[in-house]
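Here the structure is laid out as C-alpha cells; the discussion comes afterwards.
The values are calculated or read from the model by the stated rules, or taken from the named source; none is laboratory data. Just so we're clear, the structure is a prediction, and the values are computed from it rather than from any experiment. As a convention, Cβ positions derive from the backbone with ideal geometry for all residues, glycine included, and neighbour counts pool all protein chains shown. In case anyone asks, the SASA skips ligands and DNA or RNA and just uses the protein heavy atoms, side chains included. Shrake-Rupley method; radii C 1.70, N 1.55, O 1.52, S 1.80 Å.
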Amino acid sequence: MVVSMREGCPKSQVAAVIAAMERRGLKVRIISPGPKVVLGVVEAVSKHLTDDLRFALSDMPGVEEVSDFHTDWKLVWRGPEQQTSVVRMGGRSIGGPELMVIAGPCAVECRENLLQTAQAVAASGAGAIRGGAFKPRTSPYSFRGLGEEGLKYLAEARELTGLPVVTEVMSFHEVELVARYADVLQIGARNMQNFALLEAAGEVDKPVLLKRGLGNTVKELLLCAEYILARGNQQVMFCERGIRTFETETRNTLDLAAVPILKQNSHLPVVVDPSHAAGKRELVPALALAAVAAGADGLMIEVHPEPAKALSDGRQTIDLPAFDDLMKRLALVAQAVGKTIPGVNP
C-alpha cells in the first residue's frame, strides 16, 4: 500500500497518518521524504485490513491518495507525481537541478598522482572525486589497488579539495572499513547481485552508487536497489555503465534507453559512466554529452594526468585538459535540459 501526502502538508499530518497505520500493526516506511511525502507498507496486507485502511486514511487531513503497489520494487518505485529523490554526498547533492560530475582515476596509484588529479578536476567544476582503492580486475596479476593506503589518500584529497569521495567496496567484510573513509560506497558491475554486499551496504549511513551488471536487465538492477532500501538505506543512486553485446568496437554498449526507463520506474537518481561503456577515450565526450541530454542526474568519468601510464583502464581515461574542455561542453547541454554545473559557465 502507498499513501501519497499533499505537497507541503504539515509534519503533524504525516505523523498522524503514520500513527494510524502503526496502530493497526503495520510497519510504515517513508518512500519519499519530500517535498511530497510518500509512505508505504511493503509487507503483505489482508484485503480486509487494506479496505479498512483505505477508508480510514482517505478522510485524514493531508492525504492525497491511497493506492496499491504495482511492482516488485516497492521502495525503489516512483510514486504518482513523485520527484527524483535528492541524495546528499558530503556537502554536495545529486537528483536536484545540479548535474553531478564524479571524476578521477580508475585506481588510486600513488598519493601525488591522486592529489594532482583531485585538484585539477575540482578546479574544472567536478562535484566529487572517484578512485578505486580496491579494484576488481579480470586478471589476478593486474594492479588491484592499494587497499586502505589508497583510502587514506582519498580522504586526504577530500580534505584538500572539499569534494566528497566515491570509491568501490568489493566485499561485505570491507563495508565498515571503506565507510570510514568514503562519502559514497560504489558497488561495481561485477557485484551488482552480491546480495550479502547489498544488504551490508543497506545497513550503513552512507550513500550507495549501484552499477548495472554487464549482462543484467533494468528490472534486475531495480530489484538489487530494493535490497539496499529494504535494509533501511534510502540513499541510493543507479549507474548505467554499459552492457555486453555482440559489438566489438566499444568495450561495452551504453544503454542510454536505461536512463529514462529507470527514471520512469524509480525515484532514485541515475548516473552514467561513459568511460567503461566506451573503452576508448575519444568516445567518452560524445557519450557523456548524450547521457546528459537523455536525462542523467550525474556522470562518472575517469581522468588521469597521463592516461598512457595509468595502471588501470588507461585506454578509456581522458587527461586533465580534455576533462576541462568537456566540463564546458557539458554545461551547455545541462543548461538545455534545465540543469546547471556549479562554477562552470556554459
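Students often get this wrong: which residues of region 332-346 have the backbone nitrogen under 11 Å from the point 7 angstrom along Cα-to-C-beta of A286? The answer is none. Computing Rg and the Kirkwood Rh from the Cα coordinates of the chain gives a ratio, Rg/Rh, of 1.00.
Only one residue of N252, Y181, H304 has its Cα farthest out toward the positive end of the dipole of region 180-325, where Lys and Arg carry +1 and Asp and Glu -1 on Cβ, and that residue is N252. Between R315 and H48, the distance separating the two model label sites (each 7 Å from Cα on the Cα→Cβ line) works out to 6.5 nm.
Which one, A296, A133, A196, has the greatest fluctuation when you compute a Gaussian network model over the chain with C-alpha springs under 10 angstrom? Comparing A296, A133, A196 in the GNM, the peak value goes to A196. May I ask for the percentage of alpha-carbon pairs in region 94-157 that lie more than 16 Å from each other? Across region 94-157, Cα pairs with separations above 16 Å total 48 percent.
For the pair region 234-269 and region 67-113, the centres of their Cα atoms are 13 angstrom apart. Here is the size of region 41-198 from its Cα atoms: Rg then Dmax, 21.1, 65 Å.
For region 192-230 versus region 120-147, the spacing of their alpha-carbon centroids is 20 Å. Both radii are taken from the alpha-carbon atoms of region 105-200; with Rh as the Kirkwood radius, Rg/Rh is 0.97.
I need the Kirkwood Rh of region 189-237: take the reciprocal of the average 1/r across all distinct C-alpha pairs and report it in angstrom.
10.5
Rolling a 1.4 Å probe across all protein chains gives T217 an accessible area of roughly 70 Å².
Sites count as exposed loop sites when they are chymotrypsin sites (Phe, Trp or Tyr not before Pro), lie in a DSSP loop, and have at most 16 other Cβ atoms within 10 angstrom; the longest stretch of the chain without one is 144-245.
What the Kirkwood sum gives for region 284-346 is a hydrodynamic radius of 12.3 Å, with every pair of different alpha carbons counted. Between I301 and I102, A103, G104, the built amide H atoms are under 5 Å apart, and every one of these is 5 or more places off in sequence or on another chain. Counting pairs of alpha carbon atoms under 8 Å apart in space and at least six apart in sequence, what relative contact order in percent does the chain give? The normalised contact order for the chain reaches 16 percent. Scaled against the 2.2 N^0.38 Å expected of a compact globular protein of N residues, the Cα radius of gyration of region 155-213 reads 1.10. Gain on full extension, evaluated as 0.36 nm per residue between E112 and D205 minus their Cα-Cα distance, stands at 30.5 nm. Taking all protein chains as present, what is the carbon and sulfur share of the accessible area of the chain, in % to the nearest whole number, probe 1.4 Å? On the chain, the fraction of accessible area on carbon and sulfur atoms equals 52 percent.
Of all DSSP beta bridges in the chain, what percent run antiparallel (nearest 5)? Working shown, then result.
Values: 15 of 42 bridges.
Close to 35 percent.
Across region 117-178, the relative contact order, built from alpha-carbon pairs under 8 Å that are at least six residues apart, equals 39 percent.
In region 162-281, inverting the average of 1/r over every pair of distinct C-alpha atoms gives 14.5 Å as the Kirkwood radius.
A straight chain from T340 to S139 at 0.36 nm per residue would run longer than the Cα-Cα distance by 68.4 nm.
Using Cα pairs under 8 angstrom and six or more residues apart, how large is the relative contact order of region 75-147, in percent?
Details: 80 pairs, mean separation 18.6, N = 73.
This gives 26 percent for region 75-147.
In this entry, region 202-346 is assigned a mean projected area of 9.5 nm², taken as a quarter of its C-alpha convex hull surface. Annotation: aspartates and glutamates with alpha-carbon distance below 13 angstrom to K263 (same-chain offsets under eight excluded): E81, E240, D297. Give K206/K309; K36/K135; K27/K339; K280/K328 a once-over and call out the pairs whose C-alpha atoms are over 31 Å from each other. Beyond 31 Å between Cα atoms: K206/K309; K36/K135; K27/K339.
Build a GNM of the chain with springs between Cα atoms under 10 Å apart, and of S142, S124, S171 the one that fluctuates most is S142.
Hey, can you find the accessible area per residue of region 34-107 for me, probe 1.4 Å, expressed in square angstrom? Value for region 34-107: 46 Å² per residue.
Take H276: with every protein chain present and a 1.4 Å probe, its accessible area is about 20 Å².
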